[in-house]
1. Name the one entry in 52, 22 that is at pLDDT 95 or above and farther than 18 Å from residue 456 by Cα.
2. Do you know which residues across segment 291-301 are buried (at least 18 other Cβ atoms within 10 Å of the Cβ) and in contact (Cβ under 8 Å) with a residue 24 or more places away in the chain?
3. Is at least one residue of segment 211-223 farther than 30 Å from residue 364 by Cα, at pLDDT below 95, surrounded by fewer than 21 Cβ atoms within 10 Å (Cβ to Cβ) and not assigned by TED's automatic domain parsing to the domain that holds residue 460?
4. In segment 425-435, what count of residues is obtained for those that are touching a residue at least 60 places away in the same chain (Cβ under 8 Å), within 20 Å of residue 170 (Cβ to Cβ) and surrounded by fewer than 21 Cβ atoms within 10 Å (Cβ to Cβ)?
5. Which of the strands (runs of 3 or more DSSP E) found entirely inside segment 23-100 contain at least 3 residues meeting this: in contact with a helix residue (DSSP H, G or I) (Cβ under 8 Å, 6 or more places away or on another chain)?
6. When residue 240 is evaluated against the numbered criteria (1) part of a helix (DSSP H, G or I); (2) within 30 Å of residue 262 (Cβ to Cβ), which criterion, by number, is the only one it fails?
7. Given the structure, is residue 234 more than 28 Å from residue 425 (Cα to Cα), in contact with a strand residue (DSSP E or B) (Cβ under 9 Å, 6 or more places away or on another chain), at pLDDT 95 or above and not assigned by TED's automatic domain parsing to the domain that holds residue 367?
């Protein structure tokens, strides 16, 4: 009898799992991909803006991780990979917009001089004063990023640099995020003997590249992630079932029984193995009846929501010569109006190929931080109005878009709190003891697309081993 595998969740992790399962189990296996929304791709979302494809979910991937590049090569879509131009990022903090400083690790300074253009004199003095503090020791423990840095190098480092950067990744609060999961290089340097935050940052900095040979940090797909999504769907050859939430996962003899669809009359899906590639709240609910320990640990993974606004601006709009701007919490317009956006990506500056069909400049604005939901309840029209006003304040000119798009990502960003790595290790250990079951997704080992792909591939490998051993 052909092997039957159910993959729950059609985002990057679920698609990678389905694709890997097809490669491992062959054409005879029956793979069912169940997604509760009306489309596949999850946070890989390409829209049409000003007549061209534009990503309003994930926009790029880390080149140093091999998963996306390898997948693109296997699927024959690597010819569409592009790299950023030379424009650098900026940060709006203390009422000024300045280049994002070098000599830092996720905003953590390697010296007072590295951050003197962004911090006040008092802020720089706080960094310098760390040299007089007792040696830093973690003893292998995890700690809040904000708490550690506020105690060691002062509030301004957190508020003006670290939190804007972490907010861009997690939409999170630095005081609630764990060091080991969010800035692992810094934690590793401290474990290796660095006795101060600045010394740890200096040790964690990458080695300087040869002049003219600086490798790209990020890559992207010239016409958006949709091409990768389409090829994954085609190659995995799964039965795709959209618009159907999975309500329960239960053991059924030597296999599994899934209830999907509406509560009064759910459909039943029988499978020999199951991959759960869903956000933390859904994973907790589905694991509660089969792996209670994993469900309890998953309950500790909070999630944040955000909105991404796409703007297509007339070609003559005076965008800065920068890849974008991060906006520190509490920043205001000249008239005292708070910023609504937490960041802008000047996409047509960051990716030189990226223009509308008539030369329009494309921009992404991001709204939403963990625990702050007021802006997320605004209508699309009001969000657009506020985001346009924010951008106008930043560039000093009117913003009159010729096309716009608004995408809401509800609960889409897991928060890596203190002790996250230990919690995930416990989840994977508990699930690993259950034959024919695996978990994947952004809640585990990273929010980036390569990390999500890696979890999907690992989940597929795990259930494949279980099926072969059965």
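1. The unique qualifying residue is 52.
2. Within segment 291-301, the subset buried (at least 18 other Cβ atoms within 10 Å of the Cβ) is 291, 294-295, 297-298, 301.
Hits for segment 291-301 are 291, 294, 297, 298, 301.
3. Taking segment 211-223 first, the residues farther than 30 Å from residue 364 by Cα are 211.
This time we only want the ones that are at pLDDT below 95, so: 211.
Among the residues that remain, those that are also surrounded by fewer than 21 Cβ atoms within 10 Å (Cβ to Cβ) are: 211.
Okay, now just the ones that are also not assigned by TED's automatic domain parsing to the domain that holds residue 460, so 211.
Yes: segment 211-223 contains one or more residues that are farther than 30 Å from residue 364 by Cα, at pLDDT below 95, surrounded by fewer than 21 Cβ atoms within 10 Å (Cβ to Cβ) and not assigned by TED's automatic domain parsing to the domain that holds residue 460.
4. 0
5. Values: elements: 30-35, 46-49, 52-55, 89-93, 96-99.
It comes to 30-35, 89-93.
6. Failed condition: (1).
7. Against the criterion (more than 28 Å from residue 425 (Cα to Cα), in contact with a strand residue (DSSP E or B) (Cβ under 9 Å, 6 or more places away or on another chain), at pLDDT 95 or above and not assigned by TED's automatic domain parsing to the domain that holds residue 367), residue 234 does not qualify.
Here's the yes/no breakdown for (1) touching a helix residue (DSSP H, G or I) at 6+ places or on another chain (Cβ under 7 Å); (2) assigned to a helix (DSSP H, G or I); (3) modelled with pLDDT under 95:
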| site | (1), (2), (3) |
| --- | --- |
| 256 | no, no, no |
| 264 | no, no, yes |
| 268 | no, no, yes |
| 293 | yes, yes, no |
| 297 | yes, yes, no |
| 317 | no, no, no |
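The values are calculated or read from the model by the stated rules, or taken from the named source; none is laboratory data. For clarity, every value in this text was computed on a predicted model and none was experimentally measured. Every residue, glycine as well, gets a Cβ built from its backbone with ideal geometry; the counts of neighbours run over all protein chains shown.
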